[in-house]
1. Return yes when residue 85 is over 19 Å from the mean Cα position of the chain (by Cα), surrounded by 14 or more Cβ atoms within 10 Å (Cβ to Cβ) and either under 13 Å from residue 115 (Cα atoms) or modelled with pLDDT of 95 or more (or both) and no when it is not.
2. Checking the condition at pLDDT 95 or above, touching a strand residue (DSSP E or B) at 6+ places or on another chain (Cβ under 8 Å), crowded, with 18+ Cβ neighbours inside 10 Å and under 22 Å from residue 93 (Cα atoms), which residue from 62, 40 passes?
3. Tally up the residues in region 1-56 that are closer than 20 Å to residue 77 by Cα and acidic (Asp, Glu), please.
4. Take the residues in region 1-37 that are of a type in the set (Asp, Glu) and in contact (Cβ under 8 Å) with a residue 12 or more places away in the chain; name whichever of them is surrounded by the most Cβ atoms within 10 Å (Cβ to Cβ).
5. Return yes or no: is residue 169 surrounded by fewer than 19 Cβ atoms within 10 Å (Cβ to Cβ), hydroxyl-bearing (Ser, Thr, Tyr) and at pLDDT below 95?
6. Kindly evaluate residue 128 against the criterion of being outside any helix (DSSP H, G or I), surrounded by 14 or more Cβ atoms within 10 Å (Cβ to Cβ), modelled with pLDDT under 95 and hydrophobic (A, V, I, L, M, F, W, C).
Amino acid sequence: MVLRMFVAVVPPEGVIEHLDEFLEVRRSAAPFRWAAAEQLHVTLAFLAEVEERRLDDLVERLGRAAARRTPFDARVAGGGAFPDAGRARVIWAGLDLDELGRTELGRLATGCRVAANRAGIAVDGQRFRPHLTLARLGHPGEVSDWVRLLDGYAGPPWRVDRVSLVASYLGEGPRGRPRHETVEELALG
(Lines give C-alpha, C1' and ligand atoms only; values in the text may rest on other atoms or scores of the structure.)
Protein backbone atom coordinates (compact mmCIF):
# COMPACT_ATOMS: atom_id res chain seq x y z
CA MET A 1 0.00 0.00 0.00
CA VAL A 2 1.22 3.51 -0.86
CA LEU A 3 0.25 6.47 1.34
CA ARG A 4 0.10 10.18 0.54
CA MET A 5 1.57 11.99 3.55
CA PHE A 6 3.07 15.20 4.85
CA VAL A 7 5.04 16.33 7.88
CA ALA A 8 3.62 19.47 9.47
CA VAL A 9 3.48 21.87 12.34
CA VAL A 10 -0.16 21.86 13.43
CA PRO A 11 -1.18 24.89 15.51
CA PRO A 12 -3.17 24.13 18.67
CA GLU A 13 -6.97 24.24 18.64
CA GLY A 14 -7.23 27.71 20.24
CA VAL A 15 -4.94 29.23 17.61
CA ILE A 16 -6.98 27.67 14.78
CA GLU A 17 -10.26 28.77 16.38
CA HIS A 18 -9.02 32.37 16.59
CA LEU A 19 -8.06 32.39 12.89
CA ASP A 20 -11.29 30.61 11.92
CA GLU A 21 -13.40 33.22 13.76
CA PHE A 22 -11.52 36.01 11.97
CA LEU A 23 -12.21 34.39 8.57
CA GLU A 24 -15.75 33.13 9.25
CA VAL A 25 -17.54 36.46 8.74
CA ARG A 26 -15.51 37.13 5.58
CA ARG A 27 -15.68 33.79 3.74
CA SER A 28 -19.03 34.46 2.08
CA ALA A 29 -17.52 37.50 0.32
CA ALA A 30 -15.48 35.29 -2.02
CA PRO A 31 -16.24 32.05 -3.87
CA PHE A 32 -12.89 30.47 -2.95
CA ARG A 33 -12.44 26.85 -1.91
CA TRP A 34 -11.75 27.53 1.77
CA ALA A 35 -9.65 25.05 3.74
CA ALA A 36 -11.42 23.38 6.64
CA ALA A 37 -10.23 24.68 10.02
CA GLU A 38 -9.20 21.19 11.15
CA GLN A 39 -6.86 20.90 8.15
CA LEU A 40 -4.85 24.08 8.71
CA HIS A 41 -1.15 23.37 9.15
CA VAL A 42 2.35 24.40 8.08
CA THR A 43 3.76 21.76 5.73
CA LEU A 44 7.42 20.98 6.39
CA ALA A 45 7.72 18.12 3.88
CA PHE A 46 5.25 16.72 1.35
CA LEU A 47 5.59 12.99 0.71
CA ALA A 48 3.42 12.03 -2.28
CA GLU A 49 4.18 8.29 -2.18
CA VAL A 50 5.14 6.53 1.04
CA GLU A 51 5.32 2.76 0.78
CA GLU A 52 3.85 1.27 3.93
CA ARG A 53 6.98 -0.86 4.45
CA ARG A 54 9.04 2.35 4.83
CA LEU A 55 6.79 3.90 7.48
CA ASP A 56 8.61 2.63 10.60
CA ASP A 57 11.98 3.85 9.28
CA LEU A 58 10.41 7.20 8.35
CA VAL A 59 8.92 7.68 11.82
CA GLU A 60 12.21 6.78 13.50
CA ARG A 61 14.19 9.20 11.32
CA LEU A 62 11.63 12.01 11.73
CA GLY A 63 11.75 11.48 15.49
CA ARG A 64 15.52 11.96 15.49
CA ALA A 65 15.24 15.06 13.27
CA ALA A 66 12.61 16.59 15.59
CA ALA A 67 14.62 15.77 18.71
CA ARG A 68 17.56 17.83 17.36
CA ARG A 69 15.45 21.00 17.26
CA THR A 70 14.59 23.37 20.10
CA PRO A 71 10.93 24.30 20.74
CA PHE A 72 10.13 27.89 19.74
CA ASP A 73 7.32 30.43 19.84
CA ALA A 74 5.15 31.27 16.84
CA ARG A 75 2.02 33.17 15.96
CA VAL A 76 -0.16 33.13 12.83
CA ALA A 77 0.04 36.65 11.41
CA GLY A 78 -0.19 38.38 8.06
CA GLY A 79 -0.64 36.60 4.79
CA GLY A 80 -0.20 36.61 1.08
CA ALA A 81 -0.93 34.80 -2.15
CA PHE A 82 0.86 32.34 -4.44
CA PRO A 83 2.21 33.06 -6.95
CA ASP A 84 1.29 36.70 -6.19
CA ALA A 85 -1.74 38.87 -5.32
CA GLY A 86 -2.36 39.83 -8.96
CA ARG A 87 -2.80 36.28 -10.24
CA ALA A 88 -3.37 34.24 -7.11
CA ARG A 89 -4.14 30.54 -7.01
CA VAL A 90 -3.70 30.24 -3.22
CA ILE A 91 -4.35 32.60 -0.30
CA TRP A 92 -2.27 31.92 2.79
CA ALA A 93 -1.64 33.09 6.34
CA GLY A 94 1.92 33.62 7.49
CA LEU A 95 3.89 32.97 10.65
CA ASP A 96 5.40 35.58 12.91
CA LEU A 97 8.67 34.16 14.28
CA ASP A 98 11.63 35.61 16.10
CA GLU A 99 15.19 34.83 14.97
CA LEU A 100 15.29 31.56 16.95
CA GLY A 101 11.93 30.50 15.51
CA ARG A 102 12.93 31.25 11.91
CA THR A 103 16.18 29.33 12.34
CA GLU A 104 14.59 26.35 14.10
CA LEU A 105 11.64 26.11 11.69
CA GLY A 106 13.93 26.21 8.66
CA ARG A 107 16.22 23.58 10.14
CA LEU A 108 13.22 21.47 11.15
CA ALA A 109 11.89 21.51 7.57
CA THR A 110 15.33 20.59 6.22
CA GLY A 111 15.72 17.81 8.80
CA CYS A 112 12.31 16.34 7.97
CA ARG A 113 13.07 16.36 4.24
CA VAL A 114 16.46 14.72 4.80
CA ALA A 115 14.87 12.11 7.10
CA ALA A 116 12.32 11.20 4.40
CA ASN A 117 15.00 11.00 1.71
CA ARG A 118 17.15 8.74 3.89
CA ALA A 119 14.10 6.51 4.45
CA GLY A 120 13.91 6.13 0.66
CA ILE A 121 10.95 8.49 0.18
CA ALA A 122 10.91 11.23 -2.46
CA VAL A 123 10.11 14.71 -1.16
CA ASP A 124 8.52 17.57 -3.07
CA GLY A 125 11.54 19.70 -3.93
CA GLN A 126 9.94 23.13 -3.73
CA ARG A 127 11.63 25.75 -1.58
CA PHE A 128 10.24 25.83 1.97
CA ARG A 129 8.01 28.86 2.53
CA PRO A 130 6.20 28.58 5.88
CA HIS A 131 2.48 29.29 5.56
CA LEU A 132 -1.00 27.95 6.25
CA THR A 133 -3.08 27.53 3.09
CA LEU A 134 -6.44 29.23 3.72
CA ALA A 135 -8.12 29.07 0.31
CA ARG A 136 -7.63 28.00 -3.28
CA LEU A 137 -8.96 29.75 -6.36
CA GLY A 138 -10.33 27.84 -9.35
CA HIS A 139 -8.74 30.35 -11.72
CA PRO A 140 -5.97 32.90 -11.11
CA GLY A 141 -7.46 36.00 -9.55
CA GLU A 142 -6.66 39.40 -8.09
CA VAL A 143 -6.70 39.18 -4.28
CA SER A 144 -4.91 42.33 -3.05
CA ASP A 145 -7.85 43.17 -0.77
CA TRP A 146 -7.57 39.76 0.91
CA VAL A 147 -3.81 40.14 1.36
CA ARG A 148 -4.34 43.58 2.96
CA LEU A 149 -7.01 42.09 5.23
CA LEU A 150 -4.65 39.32 6.33
CA ASP A 151 -1.86 41.84 6.90
CA GLY A 152 -3.95 43.15 9.80
CA TYR A 153 -4.38 39.73 11.42
CA ALA A 154 -2.30 38.48 14.35
CA GLY A 155 -3.38 35.42 16.29
CA PRO A 156 -2.41 34.27 19.77
CA PRO A 157 1.14 33.00 20.30
CA TRP A 158 1.87 29.33 20.89
CA ARG A 159 4.86 27.10 21.55
CA VAL A 160 5.88 24.87 18.65
CA ASP A 161 7.07 21.73 20.44
CA ARG A 162 6.13 18.91 18.04
CA VAL A 163 5.63 17.94 14.44
CA SER A 164 2.96 15.65 13.04
CA LEU A 165 3.21 12.97 10.37
CA VAL A 166 -0.15 13.06 8.61
CA ALA A 167 -1.73 10.71 6.07
CA SER A 168 -3.92 12.43 3.48
CA TYR A 169 -6.71 10.44 1.84
CA LEU A 170 -7.92 12.25 -1.27
CA GLY A 171 -11.66 12.58 -1.71
CA GLU A 172 -12.54 10.91 1.60
CA GLY A 173 -13.37 14.08 3.55
CA PRO A 174 -16.50 16.27 3.56
CA ARG A 175 -17.50 17.59 0.11
CA GLY A 176 -14.89 15.40 -1.59
CA ARG A 177 -11.95 17.05 0.18
CA PRO A 178 -9.01 15.12 1.57
CA ARG A 179 -9.34 13.45 4.95
CA HIS A 180 -6.30 13.96 7.18
CA GLU A 181 -5.26 11.46 9.82
CA THR A 182 -2.36 12.06 12.20
CA VAL A 183 -0.19 8.96 12.16
CA GLU A 184 2.46 10.12 14.64
CA GLU A 185 3.40 13.17 16.71
CA LEU A 186 7.10 13.73 17.30
CA ALA A 187 8.45 15.96 20.06
CA LEU A 188 11.05 18.67 19.53
CA GLY A 189 14.05 18.92 21.85
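1. Numbers: over 19 Å from the mean Cα position of the chain (by Cα): yes; surrounded by 14 or more Cβ atoms within 10 Å (Cβ to Cβ): yes; either under 13 Å from residue 115 (Cα atoms) or modelled with pLDDT of 95 or more (or both): yes.
For residue 85, the condition - over 19 Å from the mean Cα position of the chain (by Cα), surrounded by 14 or more Cβ atoms within 10 Å (Cβ to Cβ) and either under 13 Å from residue 115 (Cα atoms) or modelled with pLDDT of 95 or more (or both) - is met.
2. That would be 40, the only listed residue that is at pLDDT 95 or above, touching a strand residue (DSSP E or B) at 6+ places or on another chain (Cβ under 8 Å), crowded, with 18+ Cβ neighbours inside 10 Å and under 22 Å from residue 93 (Cα atoms).
3. 6
4. As a first pass, look at region 1-37 and keep what is of a type in the set (Asp, Glu): 13, 17, 20-21, 24.
Those left that are additionally in contact (Cβ under 8 Å) with a residue 12 or more places away in the chain: 17, 20.
Details: 17: 14, 20: 18.
Result: 20.
5. Numbers: surrounded by fewer than 19 Cβ atoms within 10 Å (Cβ to Cβ): yes; hydroxyl-bearing (Ser, Thr, Tyr): yes; at pLDDT below 95: yes.
Considered against the rule, which asks whether it is surrounded by fewer than 19 Cβ atoms within 10 Å (Cβ to Cβ), hydroxyl-bearing (Ser, Thr, Tyr) and at pLDDT below 95, residue 169 comes out as yes.
6. Yes.
Residue by residue, here is whether (1) assigned to a helix (DSSP H, G or I); (2) without any contact (Cβ under 8 Å) to a residue 60 or more places away in the chain; (3) farther than 15 Å from residue 45 by Cβ holds:
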| site | (1), (2), (3) |
| --- | --- |
| 102 | yes, yes, yes |
| 113 | yes, no, no |
| 117 | yes, yes, no |
| 123 | no, no, no |
| 138 | no, no, yes |
| 146 | yes, no, yes |
| 156 | no, no, yes |
| 175 | yes, yes, yes |
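The values are calculated or read from the model by the stated rules, or taken from the named source; none is laboratory data. Since this is a predicted model, take the numbers as computed values, not measurements. Cβ: placed from backbone, ideal geometry, glycine included. Neighbour counts: every protein chain shown.
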